[in-house]
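Quick notes on the structure that follows.
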Amino acid sequence: MKSYILWGMLIGSGGLLGLLVLRNRAAFQWLGAFLLQVAFSAILLYVINLFTPYTHLELPLNAATVGTVSILGMPGLAAITALKLWVIG
């Protein structure tokens, strides 16, 4: 019973937050820019993985790496690459 109440509160508050955000026109521009950044990050990671036979560097294409590259940009990509080379070797 308790889990139904918590799920109901989560869905209700998420719906209200969505309505509040989508009423603002600037939110659409912000959301579009964010989704474009995520798409470019995923494409960039995919292109880097295309060169795996030459560079022997394979970066996983998952939510964590795409999110890091989306938020941090090229320094995030450099950090992921450095961590991959440092930890894996």
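The values are calculated or read from the model by the stated rules, or taken from the named source; none is laboratory data. Being a predicted model, the structure only gives us computed values, none of them experimental. All accessible areas refer to the heavy atoms of the entire protein, side chains included, with ligands and DNA or RNA removed. Shrake-Rupley method; radii C 1.70, N 1.55, O 1.52, S 1.80 Å.
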Members of segment 64-89 that are assigned to a helix (DSSP H, G or I), among the hydrophobic types (A, V, I, L, M, F, W, C) and open to solvent by 50 Å² or more (accessible area, probe 1.4 Å): A64, I71, L72, M74, A78, A82, L83, L85, W86, V87
Applying the selection to segment 18-58, what residues are in a loop (DSSP other than H, G, I, E, B) and farther than 22 Å from V87 by Cα? R23, N24
Go through segment 17-54 and report how many residues are among the β-branched types (V, I, T) and open to solvent by 80 Å² or more (accessible area, probe 1.4 Å). 1
Residue under question is L61, and the condition is that it be in a loop (DSSP other than H, G, I, E, B) and open to solvent by less than 60 Å² (accessible area, probe 1.4 Å); does it hold? no
